[in-house]
Amino acid sequence: MTRFAIIKAFAAITGLFATTQIGAQERQAPAYPLITHNTYFSIWSTTDQLNSSTTQHWTGANHSLLGLINVDGRIYRFMGKAETNYKTIVTAADETIYPVRYSEEQPQGDWMSANFNDAGWKTGQAPIGDNESIAKTSWRSNNIWVRRSFNITNLAGINELFLKLNHDDNIEVFLNGKNIYNKEGWTHSFQYHPINKADLKSGENVIAIHLKNTAGGRFLDFGLVDKIKDNTDAIALAEQKGVEVTATQTMYDFTCGDVDLKLTFTSPLLLNDMKLLARPVSYITYAVQANDEKKHNVKVFLGASSNIAVYQPAQEVSTRKYAAGGLSILKTGTREQPILKKSSDDMRIDWGYFCVAVPQSSGALQFITKSADAARAFSNGAVVSTASTGKSLSLNTIMPFGAVGKDLVERQVMLGYDEIYSIQYFNTNLRPWWNNDGRQTIEGQLADAAKEYKTVMEKCAAFNKELNNEAAKAGGNMYAHLCALAYRQSIAAHTLVKSPKGEILWLSKENNSGGFINTVDVTYPSAPLYLLYNPDLVQGMLNGIFHFSETGKYDHPWAAHDLGTYPLANGQTYGEPMPVEESGNMIILTAAIAKVQGNANYAKQHWKTLTTWVDYLTKEGLDPKTQLCTDDFAGHLARNANLSVKAIVAIACYAQLAEMLGETATAKKYREIAESMVPRWMQMADAGDHYSLTFDNKETWSQKYNLIWDKVLNLRLFPQKVYDTETQYYLTRQQKFGLPLDSRKTYTKNDWILWTASFAPQQEQFEKLITPVYRHSLETESRVPLNDFYDAITGIRENFKARSVVGGFFMKMLADSMKVK
């Protein structure tokens with residue numbers, strides 16, 4: 001059964017078809033992966049039609065890839081939309097620091113009007129906030145009132161006026177006394193809000209703002225911009241016929257007048273091939289053929305934005321066109337090149353160089369323009385560069401296909417990124433894995449990618465098929481679809497480097513949930529994918545945490561939460577520890593590595609540290625005191641039954657490792673401790689038809705997803721009654737989009753649902769538990785890379801997106817692969 005047929009069959013059963021049909025195409029994903037390598041080189045389409053929106057970085061910033069095709073002189077747009085471009089009217093501080101007047105006391109009178117006398121207010125500069133490394137004026141109170149005067153000299157020349165605004169948090173904005181914008185909440189980047197040009201006047205104007213802090217940080221920066229007219233609106237749209245997402249590829253089919261176009265994005269992230277995994281190059285393949293058996297002259301255009309290499313669009317870039325290794329190459333990067341100078345969650349890379357490369361033998365033409373001019377240049381037949389430095393430039397490639405008939409004609413282009421340095425690891429800057437010795441070049445990587453194109457495509461096609469078949473065998477077709485959606489996303493939330501000691505470091509970024517690097521309770525749910533395909537990478541997920549403790553840098557009897565804020569891995573930056581959570585995670589995953597590899601050599605290297613952690617769990621794990629667990633958004637909790645399961649399982653894992661190492665007495669001791677805890681756990685958590693969320697409240701319930709390791713690692717701790725009871729109860733608590741996390745709220749975590757489903761005693765129960773997760777991927781209103789934290793009733797995202805934790809979807813495959821034969 002094809003992926004399309006699976007979705008259609010599901011739709012017919014559930015009534016989904018009416019809501020997800022887009023012309024002749026079915027929705028396949030909440031967002032579609034196009035270029036996926038790591039947290040910086042990550043480009044997605046957030047609409048079902050590839051030509052309905054500008055392609056984006058996972059954070060939501062525009063990372064535009066514009067695709068046009070010329071068929072016998074008529075041009076069609078098949079990919080992206082032209083980036084929205086703005087002309088500055090009143091600068092924000094990302095361009096130029098500007099003066100403001102402000103008050104932290106409630107002002108008297110009509111403070112928002114243009115005529116208000118603010119002479120008694122303080123003077124300062126923007127941006128305003130509580131982060132001293134960014135803010136020019138410090139603000140630490142709960143309220144601030146800000147006024148800014150500016151002059152307008154050419155009112156008639158403004159096309160469409162927008163308020164450019166970045167704020168944290170609740171805000172009221174007035175222009176010349178008129179309320180033009182209000183919002184409760186905050187933003188992480190500039191947002192653009194249309195306002196009425198008639199509210200401006202020639203001469204002096206005033207923007208007045210009241211900002212209220214309710215939680216977390218404080219920030220304000222603002223300006224006015226003019227939206228530049230889009231010159232692609234008159235271009236015809238190609239008709240998208242379908243899209244398919246596999247593990248390593250996203251494939252679109254279009255009709256462009258008298259020719260058909262198959263467009264394939266390939267990020268060859270094969271986990272068992274470290275060289276290929278680390279190579280920072282993706283392919284876009286264009287395959288064209290006539291649909292009327294006639295010959296047609298065809299040219300294809302790719303415009304790739306220089307904003308792929310900036311943090312903020314206001315940053316200036318330089319560009320270069322040159323040839324190397326049989327390739328024609330366009331390269332761009334910021335003029336500043338601030339290598340590893342900042343760390344944050346909502347952040348794009350602004351160092352290193354983005355490249356677009358094509359074989360010289362293809363006869364392709366390359367040139368550089370402003371982004372706003374790119375489509376017009378192709379329409380007019382221009383091929384000469386009109387820019388080399390500036391902001392928001394377009395790297396343009398035209399590929400001639402010649403006269404195309406019924407035979408398929410194929411061309412490919414390669415996109416690559418050279419980070420120069422990827423990570424700072426305890427104050428040492430580390431190069432990307434592919435250039436660890438400092439002697440490799442991005443040109444060499446691109447040349448290798450070009451030479452190996454056919455082989456790489458064959459490998460990817462074979463792996464896509466293998467993964468789909470194995471996943472379908474383990475959990476059915478819906479499960480296979482979820483695994484395909486999860487594969488590239490999870491991998492692209494990591495980066496691969498080598499430690500100064502030569503160890504693998506496979507470091508995650510906690511995308512959209514703090515930006516922490518190498519978070520242990522993000523590693524934990526992500527791990528099944530990597531245990532299944534390359535357990536050495538799981539060691540790479542643990543090595544840094546072991547190093548942190550074993551060098552004395554983290555001097556506690558439990559494991560650290562993280563190593564810092566990406567890309568700076570210099571020590572934990574999360575505000576407090578999760579002692580039982582992280583210690584349990586590290587021990588369980590070390591045991592999982594041993595089970596998969598068939599030996600405990602890795603555990604032996606870290607035995608002293610593991611012993612310290614397990615001894616902490618024997619004292620504090622059975623009935624945990626008030627603390628956070630991985631589900632920290634739910635708040636602190638005491639007597640957490642699921643966290644207790646983790647501790648019990650981890651103690652048994654330590655015993656299993658000891659047995660593998662020939663430490664028989666140690667194994668016996670800790671096995672007896674774990675076994676003695678199980679009946680006490682069952683008694684404390686027993687709530688009749690289920691087991692409770694906390695030991696002291698039998699009116700509660702929760703997913704006990706940590707139980708899965710008892711099955712996967714064949715620990716034989718908890719009796720089958722526990723699994724039967726919990727699974728039967730869960731099936732009575734299902735909502736439209738999944739099983740809630742617990743009884744406190746209706747939100748859920750889809751990674752944990754997949755774990756919980758994986759210990760269901762019957763295949764039918766597994767499928768019943770995952771079907772709502774599949775439905776969520778097709779129906780959610782939240783059009784972002786798979787979000788793992790959402791409301792189980794509405795399907796709307798609570799938070800989080802593009803996170804590595806969807807690697808946990810592979811738990812059922814892992815569990816099946818580990819079954820005792």
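The values are calculated or read from the model by the stated rules, or taken from the named source; none is laboratory data. What you see is a predicted model, and the numbers here were worked out from it, not measured in a lab. Don't worry about glycine lacking a Cβ; one is built from the backbone with ideal geometry, like all the others, and counts go over all protein chains shown. For the accessible areas, the whole protein counts, side chains as well, though only heavy atoms, and no ligand, DNA or RNA atoms are used. Shrake-Rupley method; radii C 1.70, N 1.55, O 1.52, S 1.80 Å.
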**OP:** For segment 34-124, give the magnitude of the charge dipole about the Cα centre (Cβ charges: +1 Lys/Arg, -1 Asp/Glu; no others), in debye to the nearest 20.
**Re:** 380 debye
Subject >> Three semi-axes of the equivalent ellipsoid, segment 755-820, Cα gyration tensor, whole Å, largest first >> reply: 24, 14, 8
Original post:
Which percent of Cα-Cα pairs in segment 495-588 sits in each 10 Å bin, short to long?
Top reply: 17, 55, 27, 1
Original post:
So what's the chain giving for Rg/Rh, alpha carbon basis, Kirkwood Rh from the mean inverse pair distance?
Top reply: 0.98
**OP:** With unit charges on the beta carbon (Lys/Arg positive, Asp/Glu negative), name the residue among Leu814, Val784, Thr756 whose Cα is farthest towards the positive pole of the charge dipole of segment 672-817.
**Re:** Val784
**OP:** Sort 299-306, 117-124 for me by packing, meaning the mean count of neighbouring Cβ atoms within 10 Å per residue, highest on top.
**Re:** 299-306, 117-124
Subject >> Cα convex hull volume per residue for segment 277-365 (Å³) >> reply: 171 Å³
Original post:
So how strong a dipole does segment 383-470 carry about its Cα centre when Lys and Arg Cβ are +1 and Asp and Glu Cβ are -1, to the nearest 20 debye?
Top reply: 220 debye
**OP:** Specify, per residue and in Å³, the volume enclosed by the convex hull of the alpha carbon atoms belonging to segment 514-640.
**Re:** 106 Å³
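Given a cut-off of 23 Å, name the pairs among Lys321/Lys451; Lys646/Lys736; Lys454/Lys812; Lys87/Lys331; Lys604/Lys819 whose C-alpha atoms lie farther apart than that in the structure shown. Mind dumping the intermediate values first?
Working: Lys321/Lys451 21 Å; Lys646/Lys736 28 Å; Lys454/Lys812 32 Å; Lys87/Lys331 25 Å; Lys604/Lys819 25 Å.
Listed pairs above 23 Å: Lys646/Lys736; Lys454/Lys812; Lys87/Lys331; Lys604/Lys819.
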Original post:
What number, rounded to the nearest 500 deg cm²/dmol, is the helix-based mean residue ellipticity at 222 nm of the chain, given -39500 (n - 2.57) per DSSP H run of at least four residues and division by all its residues?
Top reply: -9000 deg cm²/dmol
Original post:
Per residue, what accessible area does the chain have, given a 1.4 Å probe and all protein chains present, in Å²?
Top reply: 36 Å²
Subject >> Most to least packed among 661-668, 695-702, 806-813 [average Cβ atoms within 10 Å] >> reply: 806-813, 695-702, 661-668
**OP:** Would you mind checking the radius of gyration and Dmax of segment 142-263 based on alpha-carbon positions, in Å?
**Re:** 21.3, 62
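Would you work out what percent of the accessible area of segment 477-589, with all protein chains in place, is carbon or sulfur (probe 1.4 Å)?
Accessible surface attributable to carbon and sulfur in segment 477-589 totals 48 percent.
Among 756-763, 681-688, 422-429, what's the highest-first ranking by average C-beta atoms within 10 angstrom per residue? Provide the component values of the computation, followed by the final result.
Working: 756-763: 20.1, 681-688: 16.1, 422-429: 18.6.
Ranked from most to least packed, the peptides come out as 756-763, 422-429, 681-688.
On average over all directions, what projected area in square nanometres does segment 409-544 have, based on the convex hull of its Cα atoms? Let's see the in-between values first.
Numbers: hull surface 41.6 nm².
The directionally averaged projection comes out at 10.4 nm².
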Original post:
With the contact rule set at Cα under 8 Å and sequence spacing of 6 or more, what percent relative contact order holds for the chain?
Top reply: 11 percent
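So if the hydrodynamic radius of segment 524-563 is defined as the Kirkwood radius over C-alpha pairs, what does Stokes-Einstein give as its diffusion coefficient at 25 °C and 0.890 mPa s, in µm² per second?
Details: Rh = 11.0 Å.
Stokes-Einstein gives a translational diffusion coefficient of 223 µm²/s.
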Subject >> Positive-end residue of Phe116, Ile207, Pro740, charge dipole of the chain with Cβ unit charges >> reply: Ile207
**OP:** Take segment 681-747, drop everything but the C-alpha atoms, weight them equally and run the Debye formula without solvent; then report log10 I(q)/I(0) at 0.13, 0.15, 0.27 Å⁻¹ to two decimals.
**Re:** -0.36, -0.48, -1.29
Original post:
Can you pull out the trypsin sites (Lys or Arg not before Pro) in segment 699-767 that DSSP calls coil and that have at most 13 other Cβ atoms within 10 Å?
Top reply: Arg716, Lys745
**OP:** Against the globular-protein guess of 2.2 N^0.38 Å, express the Cα radius of gyration of segment 553-596 as a ratio, rounded to two decimals.
**Re:** 1.28
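With +1 assigned to the C-beta of every Lys and Arg and -1 to the C-beta of every Asp and Glu, and no other charges, what is the dipole magnitude of the chain about the Cα centre in debye, to the nearest 20?
That gives the chain a dipole magnitude of about 1120 debye.
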